[in-house]
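K.L.:
Starting off with a structure, shown below.
The values are calculated or read from the model by the stated rules, or taken from the named source; none is laboratory data. What you are looking at is a predicted structure, and each value in this text was computed from that prediction instead of being measured. Heads up, the Cβs are rebuilt from the backbone with ideal geometry, glycines too, and the neighbour counts pull from every protein chain shown.
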Ligand code: TYD
Ligand code: MG
C-alpha cells in the first residue's frame, strides 16, 4: 500500500522533515562537522582548512618523500591541540616511530601508536581508543585474512581501504591512508583506491632536494588547485612561507642564459629562475629539461628557429628551473625562449626583468591568466620591469614597469639591452628563410603571414 504523500507545500511553508530519510539541505547540521586544522599551515592550505571528521584521505608519494614524517608532525600538532590521535604503524616498529618522533619533537602525549598489519587489530584499536584522527602507514602493508592475496595486492589494498573508510565514517574519525606510489606514478595497488576516498593528496619531491610539494589531486570538500610547499630539514618538514625568495636565493644577476618568470602554483604566484645552456652538438642534438614540460621546450626550440631566426636545431639544449621548482604552464614560454636566446648569444637579458607569456606556433605572444597577481609578486621581490604579451595589463602593478610585445621577435628586441639580433655575436643561421631575413623587428616573411 502506498502512503499518501504530504500535500504540496505553498511557497515559504516547508513541511517538517521526517525523523529519518530525506532532510532539507538547509537543515543539515554542519557545525558539528568542521574541518580539524592540523596546525601545519601548508597542509591545511591544501586541505582547505583541515581534516574533516569521518572522511578518508589518501596520501600518495614515492618512498622517501616524507609521508611518514609529514603525518607524524601533523598528529603531534593535532594532539597538542587536544585531539586524540592514533598512528597505525604497519611498516615500522613502535620504537622506531618513537625514535623518529623524538627527533622531530613529535613525541607528545595524545599520539597513540599500534603496531598492526591485520585489519581486525586496527579496527579493534580504533574501537578501543575512539581517536579523532587515524593514520594508517601504509595501506599496502595491511591485510584482511578474509580476502585473497597478500598485503599490497590489488584486492587487499582495495578491500582494506574500503573497510577502513567505512569504519571512519561510522566512528567519525578522520582517516588518513599512506599509499606508496611507483616511479610511473600509479599507486602500487589500484588507482581504484582514489574512488574509495574523499581526498587524494600527492606528495612530490626529489629526495636529493629539500623542497617538497603537496597537492590535492581529488578533494570532495574544497578546491584542488592549492599547493603546499615544504622543506625537509634535520628536524623534519618545515612549511616554506616565502617560496619565491627561496627559489631566487642563489641567483646571480647578469648571467647569460638566465631569466625569471612567474608561474602560478595552485593559487599562488611564484617567482622562479629559468636557466638555459646551449652548446654545439657533435652528434644528434640532445635536450635535457628539468622542472619544465620537455615537449613544450622542444616546441619552443622549433618556434625560435622558424619565427625568430634563433637557430638551435643543431645544438644540445639544457633548460631547467632552479631550486627544484616547476614551471609547467605556458606562461613560462617567453622566459624559456629568452633564456635559450641569451645562452646562445652569451649575453644576459636586462637586469630586473621578468618575462611572462605564452608563445604560439606563429611566434606570437599570447596572454595568460592571473597577470595582476604575477606582477604583484614580481614587484614584491624587487623586479623592476615585466615583459608581457600585448595588450599590456596596464596599471596592474605599481612598482613594475610593464613592457608589452606582440611577438617573440619584439620581445627579444625588448629583452636585450643592445636590442636583437646581437649581430656580431649571434651565430649565423644555417640556411632557409630565417637566414635571409633582414635584421631588426617587424619584418615578416610571406611564409609567416600565410
Ligand atoms: P619518510 O617520512 O620516512 O618518507 P616516506 O614515509 O615518504 O617514505 O622520510 C623520508 C626521508 O626524509 C628519509 O630518507 C630521511 C629524510 N628525513 C630528514 O631529512 N629529516 C628528518 O627529520 C626526517 C624524519 C627524515
Ligand atoms: Mg614511510
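K.L.:
Condition first: part of a loop (DSSP other than H, G, I, E, B) and under 25 Å from residue 372 (Cβ atoms). Now tell me which residues in segment 255-290 satisfy that.
P.N.:
Within segment 255-290, 262, 263, 266, 267, 270, 271 qualify.
K.L.:
Another question about this same structure. Determine which single condition residue 63 fails, assuming it passes every other condition in (1) in contact with a helix residue (DSSP H, G or I) (Cβ under 8 Å, 6 or more places away or on another chain); (2) within 14 Å of ligand 2 (Cβ to nearest atom).
P.N.:
(1)
K.L.:
Also, quick follow-up: Does at least one position in segment 83-95 carry a residue that is more than 14 Å from ligand 2 (Cβ to nearest atom) and either outside the structural domain of residue 219 (by TED's automatic domain parsing) or crowded, with 22+ Cβ neighbours inside 10 Å (or both)?
P.N.:
Within segment 83-95, one or more residues are more than 14 Å from ligand 2 (Cβ to nearest atom) and either outside the structural domain of residue 219 (by TED's automatic domain parsing) or crowded, with 22+ Cβ neighbours inside 10 Å (or both).
K.L.:
Here's a follow-up. Show the residue pairs that are 6+ apart or on different chains and have beta-carbon atoms under 8 Å apart, the first residue being within segment 110-132 and at positive phi, the second being crowded, with 17+ Cβ neighbours inside 10 Å and in a strand (DSSP E or B).
P.N.:
Between residues of segment 110-132 that are at positive phi and residues that are crowded, with 17+ Cβ neighbours inside 10 Å and in a strand (DSSP E or B), the close pairs are 110/85.
K.L.:
Moving on. Quick test for you: out of 138, 68, 163, pick the one residue that is more than 16 Å from ligand 2 (Cβ to nearest atom) and touching a residue at least 24 places away in the same chain (Cβ under 8 Å).
P.N.:
The conditions single out 163.
K.L.:
Which number in (1) part of a loop (DSSP other than H, G, I, E, B); (2) surrounded by 24 or more Cβ atoms within 10 Å (Cβ to Cβ) marks the one condition that residue 374 misses?
P.N.:
(1)
K.L.:
Of all residues in segment 96-109, which are away from ligand 2 (no atom under 14 Å from the Cβ), in contact with a strand residue (DSSP E or B) (Cβ under 9 Å, 6 or more places away or on another chain) and without any contact (Cβ under 8 Å) to a residue 60 or more places away in the chain?
P.N.:
The one that is away from ligand 2 (no atom under 14 Å from the Cβ), in contact with a strand residue (DSSP E or B) (Cβ under 9 Å, 6 or more places away or on another chain) and without any contact (Cβ under 8 Å) to a residue 60 or more places away in the chain: 98.
K.L.:
List the helices (runs of 4 or more DSSP H) that sit entirely inside segment 57-167 and contain at least 2 residues that are within 10 Å of ligand 1 (Cβ to nearest atom) and modelled with pLDDT under 95.
P.N.:
Because the criterion is at least 2 residues that are within 10 Å of ligand 1 (Cβ to nearest atom) and modelled with pLDDT under 95, the helices (runs of 4 or more DSSP H) in segment 57-167 that meet it are 94-104.
K.L.:
Does residue 358 satisfy the criteria of being under 19 Å from residue 407 (Cα atoms), in contact with a helix residue (DSSP H, G or I) (Cβ under 6 Å, 6 or more places away or on another chain) and surrounded by fewer than 22 Cβ atoms within 10 Å (Cβ to Cβ)?
P.N.:
It is true that residue 358 is under 19 Å from residue 407 (Cα atoms), in contact with a helix residue (DSSP H, G or I) (Cβ under 6 Å, 6 or more places away or on another chain) and surrounded by fewer than 22 Cβ atoms within 10 Å (Cβ to Cβ).
For every residue, the table says whether it meets (1) touching a strand residue (DSSP E or B) at 6+ places or on another chain (Cβ under 8 Å); (2) more than 17 Å from residue 332 (Cα to Cα); (3) in the same structural domain as residue 59 (by TED's automatic domain parsing).
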| position | (1), (2), (3) |
| --- | --- |
| 228 | yes, yes, yes |
| 235 | no, yes, yes |
| 267 | no, no, no |
| 271 | yes, no, no |
| 281 | yes, yes, no |
